[in-house]
Amino acid sequence: MPNLNLRLHISLVIVIGCAFLKQNSWHILSVYGAIAIFWAIFLHVKISKLAALIGTELLFLSFVALPLGWERASFLLVRSLVCLLTMNSFLLTLPPHSFGIALKSLPLPNAFKQNLLLAGQYLEILLDEVQRMQRSAQLRGLNGTVNWFRYVSASMIGALYIRSLERAERVYAAMIVRGYTGEMPVDMELRPQEMFLTAAIIGLAVSLTVASWI
């Protein structure tokens, strides 16, 4: 299994290359699709979690894409599927609290990386609070999708926001106490063979994307 930096670089190269494909270049998109499927298999991602996450994301994307017309929307949705398959495979196989370590190697402004890190930390807290409140609702007899959403929409959205925000503030205060200064205290560089592999994948992605415009 490649290290975090290499996995992040490969995932980003696949997504960026796929995103710049020419409209209706289905043959090149099918190559990216095969690469994305191989990437998901290589990372040993759990199919059930991956399918549930991608299904939810595509549902929201469909509301945006379908008004563009069937031909354009179909290509957009399939291209989005390839990108989501790639990035979700990476995110779902990350060790806990390791996203910041992976971000460290990207050539991005430090403030941007720290905002992404804190946003990811907040999302983890939010999802954890949702699961806790869902278990609490089920113990109170609110079993079933309809009752759950009715209970959430009626009385839990505000409580969920307040609880997750308060917990996020406590987590951030604990980070400050432990010496957090706005930078991750790690330095993970790509080894020469990993840099060569990344360069080869970049070359492949550039070739495929340019071929779609020729």
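Using only the heavy atoms of the protein chains and a 1.4 Å probe, how would 39, 70, 213, 26 rank by accessible area, largest first?
Heavy-atom accessible area, descending, gives 70, 213, 26, 39.
Which whole-Hz ³J(HN,Hα) couplings does region 17-29 yield from phi under the Karplus relation 6.51 cos²θ - 1.76 cosθ + 1.60, θ = phi - 60°, glycine and proline marked x?
With coefficients 6.51, -1.76 and 1.60, one gets x, 5, 5, 9, 5, 5, 4, 6, 8, 5, 5, 6, 5 Hz.
How far apart, in nanometres, would the label points at residue 26 and residue 72 be if each is projected 7 angstrom from Cα along the Cα-to-Cβ direction?
The answer from the label model is 1.9 nm.
HN-Hα J couplings of region 78-88 from phi, Karplus 6.51/-1.76/1.60, θ = phi - 60°, integer Hz, Gly and Pro as x?
So the J values, rounded to whole Hz, are 5, 5, 5, 4, 5, 5, 5, 4, 5, 6, 5.
Measuring with a 1.4 Å probe in the full set of protein chains, what accessible area per residue, in whole Å², belongs to region 3-107?
On the way: 5430 Å² over 105 residues.
Solvent-accessible surface per residue comes out at 52 Å².
Please give the FRET efficiency for residue 172 paired with residue 139, using the beta carbon to beta carbon distance and R0 = 25 Å, rounded to the nearest 0.05. Provide the component values of the computation, followed by the final result.
On the way: r = 30 Å, r/R0 = 1.21.
Here the calculated transfer efficiency is 0.25.
If you plug each phi of region 54-70 into the Karplus form 6.51 cos²θ - 1.76 cosθ + 1.60 with θ = phi - 60°, what whole-Hz ³J(HN,Hα) values come out, in order, with x for Gly and Pro?
Karplus values, whole Hz, x for Gly and Pro: 5, x, 5, 5, 5, 4, 5, 5, 5, 5, 7, 7, 4, x, 7, x, 4.
Rolling a 1.4 angstrom probe over the protein chains, ignoring ligands and nucleic acids, what is the accessible area of residue 9 in square angstrom, nearest 10?
Answer for residue 9: close to 40 Å² accessible.
Mind ranking 22, 49, 113 by accessible surface for me, highest first, 1.4 Å probe?
49, 22, 113
Take the solvent-accessible surface of the protein heavy atoms, probe 1.4 Å, and return the percent of it on region 1-116 that carbon and sulfur atoms account for.
Working: 4650 of 6190 Å².
Using a 1.4 Å probe with all protein chains present, region 1-116 comes out at 75 percent carbon and sulfur.
Using a 1.4 angstrom probe on the protein heavy atoms only, could you order 176, 47 from most to least accessible area?
Result, largest first: 47, 176.
The values are calculated or read from the model by the stated rules, or taken from the named source; none is laboratory data. As the structure is a prediction and not an experimental result, all values here were calculated from the model. Every residue, glycine among them, receives a Cβ derived from its backbone with ideal geometry; neighbour counts consider all protein chains shown. Heads up: the accessible areas ignore ligands, DNA and RNA and are worked out on the full protein's heavy atoms, side chains in. Shrake-Rupley method; radii C 1.70, N 1.55, O 1.52, S 1.80 Å.
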